[in-house]
Amino acid sequence: MHSESPPPVGELESIYAEAGIALPGFAVKRYDEVRLFHESVIRNRRDYLSGELDSARQRILARDQEKQQLDERRSMVMNLLKSHGALDQFAKLQSETGRKEVEVESLRQRFSAAEQLEGTKNELDIERNRLTLRLRGDFSEQKERLSNAILAFEETSKRLYESAGSMTVDETSNGPQFQFPMQGSRSKGIKNMQIFCFDMMLMRLCAKRGIGPGFLVHDSHLFDGVDGRQIASALKVGAETAEELGFQYIVTMNEDDAFKETTPGFNIHNHTLPVVLTDAQDDGGLFGFRF
């Protein structure tokens, strides 16, 4: 409103003179016409802004008057409450109002979180259904490999038990579900032998495809709760499978568990590594550690 103005023609002529260019007469006349138009625009804009400023000042003045009237009204109400002993009650109600406002805000946030969670749940349901369809298609494509895995599991199980266990793989919304129906499968020993059959199945599939590390290691914990005859049968099956497929089968086991039962056609001494770990002498132990 105060500083905007067009540049004087003298500055324009000075700039052109410094550049070595002389302004012709018609250019100066044209510039004067543009300057007059510009001055008219600035004048109109200044008048408009002055009107806006006056209107804003009037609104501020009206609001100040309204604030003063409301302050007077509040002071009168507070005095009335105080004179009738209701000020304490008002303070309590005000405190209760604040508490309720906090509860309302908390409920509003929880409701917003619930809405967001519901939206996320719907998205996850859609994604879960999509993955289930994808898994179903993958099962169809890998049908032959699944059949080979099931047959390999049953073959190992049949060599351990008279009534062989089986393996089923089902597609569910939570992914592939492996089940191993077998008589007495609730016992710890049977469950461990299911793991044994599963591992041997994996080694057979790896050997068929030419992949895998080339060795399988079982700790004595795998044979906890397993009948001694079944342990001997499992060691025999492991040795025969390793020789058939060309991988190394390693078992760590206390000798009182390994040698307490025998099975026809299998001598465990032929497969025992000639390494003795003892702490009976000072030079015993394992890697310098004594037990």
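Values quoted throughout were computed directly from the atomic coordinates according to the rules given, and no laboratory measurement underlies them. Since this is a predicted model, take the numbers as computed values, not measurements. No Cβ is skipped: glycine too gets one built from the backbone with ideal geometry, and neighbour counts run over all protein chains shown.
Helix 87-141 axis versus longest C-alpha principal axis of the chain: approximately 50°, rounded to the nearest ten. When its C-alpha radius of gyration is set against 2.2 N^0.38 Å (N residues), the range 142-271 gives a value of 1.07. The charge dipole of the chain, taken about the Cα centre with unit charges on the Cβ atoms of Lys, Arg (+1) and Asp, Glu (-1), comes to about 1020 debye, rounded to the nearest 20. Considering only N192, A164, N267, the residue lying farthest towards the positive end of the dipole of the range 142-271 is A164, judged by Cα position with unit charges set on Cβ.
Can you give the convex hull volume of the alpha carbon atoms of the chain per residue, in Å³?
Cα convex hull per residue, to the nearest whole number: 573 Å³.
Take every DSSP beta bridge whose two residues both sit in the chain; close to 60 percent of them are antiparallel. Were the residues from N129 through H269 laid out at 0.36 nm apart, the gain over their Cα-Cα distance would be 45.0 nm.
For the range 219-278, the convex hull drawn through the C-alpha positions has a volume of 92 cubic angstrom per residue.
Compute the acute angle (0 to 90°) between the alpha-carbon long axis of helix 9-18 and the principal axis of greatest extent of the alpha-carbon atoms of the chain; round to the nearest 10°. That works out to roughly 60 degrees. Legend: distances between Cα atoms for K188/K236; K121/K191; K67/K92; K92/K121; K121/K208; K208/K260; pairs beyond 32 Å are K121/K191; K92/K121; K121/K208; K208/K260.
Taking Cα atoms only, the orientation of helix 143-160 departs from the longest principal axis of the chain by about 40 degrees.
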